[in-house]
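Okay, structure first, notes after.
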Amino acid sequence: MSIFEIIILGFALALDALLVSFSYGLILNKNRFHNSLKLAFSFGFFQFFMPILGWWLTGYIYNYLKIYSKWIVFVVFLVLSLKFLKEAFSKDDNAIPNECISLTCLLCLAVATSIDALGAGVSIKFLNISIIFPSVVIGLITFVLSAIGFFMACIFKFIGKKYIEIIGAVLLMYLAIKALV
């Protein structure tokens, strides 16, 4: 596997994290820098760690998780999407979104966006390639794209809060449906 192929893999695996970061960048108004770093670090770390886990445990856990992975990812993104929609249509339009993302939510998002990376680790093992360099590249790319995604949302801040939350919900719903397809 060439460096170019590893970089392409990193970008492909980071797209879900980019979209989730963008969605949260749309709705979080306070502690933006702190929240962007929390998301980027969490996503980057799990995208780094999951290929290593898949590589080490080669088929056992992946084959078990593979059966349920679509549904796990679907449920996580569906619940988050519905939460965004509920907030968009709540009567209190002046409600301020949470200042920080909860640890539980952060871990669920990080795991949900990195299940594909577990499978990538298995594939890399089957290619008889050391896992450390590809995992570092994947993690760094995910970190950078997640941070960029969060701040790209600033461009869309001129839209009303209700519509921003609907856009975030639609993006998360897309990821939920994509997980099943």
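The figures follow:
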item: Where PHE150, PHE133, PHE22 fall by accessible area, highest first, once all protein chains stay in place (1.4 Å); result: PHE133, PHE22, PHE150
item: HN-Hα J in Hz across segment 123-138 - Karplus 6.51, -1.76, 1.60, θ = phi - 60°, x for Gly and Pro; result: 4, 5, 4, 5, 8, 6, 10, 4, 8, 4, 4, x, 5, 5, 4, 4
item: Exposure of SER130 as accessible area (Å², to 10), given a probe of 1.4 Å and all protein chains; result: 80 Å²
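The values are calculated or read from the model by the stated rules, or taken from the named source; none is laboratory data. None of the values given here were measured: they were computed from a predicted structure. Surface areas here come from the heavy atoms of the whole protein model, side chains and all, with no ligands, DNA or RNA. Shrake-Rupley method; radii C 1.70, N 1.55, O 1.52, S 1.80 Å.
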